[in-house]
Each structure stands twice: as C-alpha cells, then as structure tokens.
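Presented below is the structure to which this report refers.
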Amino acid sequence: METFLNRYRNVTVLLVVIFAQLLLLAVQVKNDQDVRIIRVWAVTTVTPVARVVEWFRGGSIGFVRNYILMHDASEENRKLRDEVGRLRLQVNFLQNELNTAERAKALQLFQAHTQSKMLAANIIGTDAGSNSKVVLVNRGSGEGVMRGMAVVTPDGILGKVIAAYPTAAQVMLVTDPDFAAGVVSQKNQVRGTLKGQGKPLCKMDYVPLGEKIEPGEWLYTSGDDRVYPRGFAVGVVKSVQSTQPFQEIWVEPSGMQHGLEDVLIILEAVHQAIPTTPPVNQPVYIAPAPPQDQSPANPVAGGNAGAQPATGTEADKLRAIYQSVGEAQNHTYGSGPPGTKPPDFTRLPSNPGQAAQAVGSGPANATGSAPAPGTGGRTNAPPPTGAPRAQPGGRAPANPTPNVVRPPAPPGPATAGTPPARMSRQAAGAPSNPPSPGSAPGAAKPGGTTVRSPAPPAKQ
Amino acid sequence: MSYSSDRILLSSQREGQISRFRAWVLVVIPLFAILFQIYVPLFFPFAKVLDMPLLVVVYFAVMRRSQIQGLLIGAFVGLAQDSLSKNWLGMFGIVDTLVGYFAASIGMRLDVDHPMLRLLLSFFFYVFHEIVYWVLLRALLAQMVPLELQRTLIQGVFNAVVGVSLYHFLDRLRETV
C-alpha cells in the first residue's frame, strides 16, 4: 500500500485535493429541490450499497427459509390436508343441515298455507318388498296417525298410511301397484283414477275415450276417494294414447320429485279449490305491499275494508263475505275478549258468488273452503291449493305467475273463529257420496279403522 | 536573457532545472495577482479579461516542476479567488488545481524557459481553464451558460502575451540551484 501511494503519490494528492474541494462545493450547493448536493451524493452513494446489502440479506434469509427449513413444509402440508378434509366434512354436514332446514321451512310454509291439519314426519325406512313402494315414517298412532290418512309433500301427494303403529307408520307411495286415488285434470276437469304401476310413472285410468285431456296438463286430487282432500297436486300428464275403452294416460307424480325425506300426514283434511294455473317451482320475489291508502277511493285499505272490496284478490273477497256475515249479526271483529262467541258462519249466503258480487266480484269457490287468514287488502292469503311446493318466504296464490316469495302474511282477525268450512276427521261418519266414476277403488279397503276424508263439496 | 539551447523538448527530467523561489515570493506574488484581479478592473474594466491568478499558477507550476506543489498552489490560489468572488467555494479551486497539476506535468518534460513555449502554455491553459470551468458549471451547478469559444480564444491570446511578459518579470525573482 505504501509502495502504491509512493508510486502514484502525485495523482493521489491531486485526487484528494479535488475531492476535498468537491465536498466543499457539495456542502454549499443545493439542487432544484432545495437539498444540499452533499446529501444527494451521500444518499445516492449509500442507497445502492444498502440495496445490495439488503438483497444479499433477503436472499440469504429466503434461502434459509425456502430450502434449509423446507423439512417442515411436508409436515405442515400434511396437517393442512387433514384440516382441509375436516373442513370439507364440516361443510358437507352444514350443507345437509341447511338443506334440512330449508325443507323444514318449506313444509312449515306449506302447512301454514294449507287449511288441512298436518303432521310433519320423516321417512325412516323402506319396505323390503321388491316391487312394493312402501316407506316407514317416524310418526305413529301415538301422534294421532291413523290408517287411511293421506301423506303429501309441498310438491304433491306422496301416498297414504296403510298401517299405523305406536311409534311409526307405513306409507304406501303413489308408485305402488296397489295405490289408487281419485284425480281430476286441471284444465278440462276430467276425472279418473290414478294408479301406481311399480314404476316412476303412474297411470290415470277410467278416462273414457271422448274425454279431452292433454299432455302437460296438471292433475289434482278430486276428493272423491275420501282419502285425499280436493285440490292437492298429483302430477303432470306425460302422454295420452287413445285406446279402447279408456284412454291410456301416463302421469308423472310430483310429490316425489324432490326426494323422500320430509313428508306431511294430513290429520284433518280440508278440501281446497283446484287452482287455475299449474304449480311452478320458480320463485319470484314480490315486494311488500305499498303503504295503505286511507282515502275513500280505496275502502279495502281503510277501516271498512269488507264493505266495498271493489277490487282485490280472492282472499279479499272471501274476507269481505265473512265480514258482511259478521256485520249482519252485529258482530264487531276484534272487539270481544278471548272466548267471545264468534259469528255464526254457517249462515253464509246461499250463493257466495252473488254475495261476492255484492261486495265486488264473487269468488266461485267460497263454499267448502276455509276463509283465508285476514289480510290487509293485499294478496297474502294462501292459495286455494296445496299443490305448489312452498318456497321460503311464502308462495303465490292462484296467480298466473309461478311461485312467488312474499313477506309473511299479517295475522288475520282474532275473532274470525275457526273456519267453518273445515271438515275434520269427525265428519267421516257423514253419509258418503255415491261412488263416482272417478272414485278410487283402492281408497277404502275393508278391514280396520280407516280415516276417510270428508266428501268433497259439490262441483262449482 | 539567454537560452541554453534551442530545444524545447527535454530528453529527461534531470535535464531541466528546478527553479526555487523565496518563501515570500510564493506568498506575495499570488496574493498580488488576486488583488490585481479584484481591484484593477474597478478602474480598468478591460483588465477583467486578464486572469492574473491563472498566469501565476501556471508559472509557478511549470517552474517548480513538481506536480504536488503545482496543484497545491493552484488549489490555494483558486480557493482564495473563490473566497473573494461570488462563486461557490471550490469552483476556481478545482480548476486551478487541475491547471497547476497538468502545468507541472508539462514543465517536467519541456523547456519552460522558451518564450514561445511559455506563450503556448499560457494560451493553452487559459482555454483549458475556461472549458473546465464551463463544464463544472454545467455538471455540478446545472448552470446552462454558453461557451463563447471565439471570445475565449481571443482572450487566451491576450493572456498569453501578458503572461510571457509577466513570466519574464517573475524570472528575476527565482533562485537558480
């Protein structure tokens, strides 16, 4: 080093002197951003070095972490895989729970919108027979289940109870070869008997050649079999063949289209009107009703809602009819304490259609159907049929639109009393109607106590 | 004044003579040159083109034939010149340091007693001084001043002529070893 400095002493001194004066300049001079040049030089000199040092440091640490310490990665990977598997199982479990909750909610909504008294049940087993279509449900005679009761789902009829045990019941499905039920087509009101075939499709029998029925047409229970109340969805016609003496009509039952898990057993049957439109499962959201207009132009929304329902739904019209009955008997709804005698709803107008016309446009299905829960002038009443699958949030009434999702219906009048048109099991002793061509031959088999649905009302 | 030889280029450094000066000469002459530079142009503005400190640095550097001494003289004169001007400290210092170093380097290989060589050296180092100063202005201070080369060359000639006369006067102050 000393030799080097001696050899290049002159140049070294020159550089030192120049450098010293450059430093002197840098201390004085500022750049255009008012920063002294000495700072700029210092930062410019130091930062690349710092960057290189940091690069080496980061690289070294990364090398150590990524390569030297990699022996932990396999163990961590295994743990993560185990955790992923656990979480997947948990997700599946929760998904099943959610599905169950959704089904339960659908059943609950269906129950709420159907006048018949129902009991929810779960299918807990199947029959051992190769051809028979029988399942076991977890409700038995202890809960009031009796032989002959109808079993339905929100999608349609599922079968009927053929044996009730204390803790369980045996249900014959609609696809069982021994199953039969009276049905009526929606469009042309053609009556017939639905028979199981041991296959996914059922057959509608005893339809004369001249009766007009079309593929795609929906079938509903006619109530003639005294098992199923009128107005429950059965299925849709898949094909129609003209044969002698009866047409060969194949029907796809709708009650099992969403699987067999949760069912409803009808304890007290109430006949319903057959809807005018087929049930659809596409939910459509309908916003809540607008604020009630208190002007006289909208009397339904006002306090005298039942007096002049110039417009409104079927439920509004029914409500108006029953309100007019109450007013005729000097009864004020909502004024009496609990236990107050309700109005005598047996004194309904002989022709509800005319009565409805008096207050609006009369419905044709007032008789034999329970009144809808009181509404505030909006269509919140349940539909006259239990056929469509209930969707969370409610479903549409007999409306050209498919299932709709609605806000919950407001509670009805507290003193409206029990719907007078409800027919319970006690009515089974009433004189039965003469067998109609559409009555199900397998609906009332001898042997044992059989619950019979009330006779359907006269066809409107 | 007589010259020992007509040769300009020396065959070796030993062939040249090292001029020695008294200490007061090395202090007073540069000081006098600086005072001349800041005082005479007050009365004679044309004297501003004359760079007396530069001529003194060139003379002492080539006559001492020592690069270190040459650059130290240049640094000292330059910093003094900066201190008495509005320049940033170090601008003339750096330039005069380089002039002193290279002048000494040339003086080691040339017969600096030759008047023509002194004329050329004075002219060359004046132009070198102006160009380096212009470069430093642009590089260090980002001052985009134009380089007036023609005026620089003319002033170089003028300084060279004055320098030859000045060197002739300063030769009387040296001590020959």
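The values are calculated or read from the model by the stated rules, or taken from the named source; none is laboratory data. Please read these numbers as outputs of a predicted model, since none were measured by experiment. A quick note on method: Cβ atoms are made from the backbone with ideal geometry, for glycine too, and the neighbour counts reach across all protein chains shown.
Kindly indicate whether A:Thr193 is part of a loop (DSSP other than H, G, I, E, B), at negative phi and assigned by TED's automatic domain parsing to the domain that holds A:Gly259. So A:Thr193 does not fit the description; no. Applying the set (1) surrounded by 13 or more Cβ atoms within 10 Å (Cβ to Cβ); (2) touching a strand residue (DSSP E or B) at 6+ places or on another chain (Cβ under 9 Å); (3) not in a loop (DSSP other than H, G, I, E, B) to A:Gly125 leaves exactly one unmet item: (1). Residues in region A:196-209 that are part of a loop (DSSP other than H, G, I, E, B) and on the phi < 0 side of the Ramachandran plot: A:Gly196, A:Gln197, A:Lys199, A:Pro200, A:Leu201, A:Val207, A:Leu209. Applying the set (1) closer than 24 Å to A:Val29 by Cβ; (2) away from chain A (no Cβ under 14 Å) to B:Gln143 leaves exactly one unmet item: (2). The set of residues from region A:197-237 being at pLDDT 85 or above, of a type in the set (Gly, Ala, Ser) and loosely packed, with under 14 Cβ neighbours inside 10 Å comprises just one member, A:Gly216.
If only residues of region A:238-266 that are in contact with a helix residue (DSSP H, G or I) (Cβ under 7 Å, 6 or more places away or on another chain) and part of a strand (DSSP E or B) are counted, the one that is surrounded by the most Cβ atoms within 10 Å (Cβ to Cβ) is A:Leu264.
Wholly within region B:30-139, which helices (runs of 4 or more DSSP H) include no fewer than the required count, namely at least 2 residues that are within 11 Å of chain A (Cβ to nearest Cβ)? Break it down into steps so the answer makes sense when it comes.
On the way: elements: B:52-64, B:67-83, B:91-107.
Filter on region B:30-139 gives B:67-83, B:91-107.
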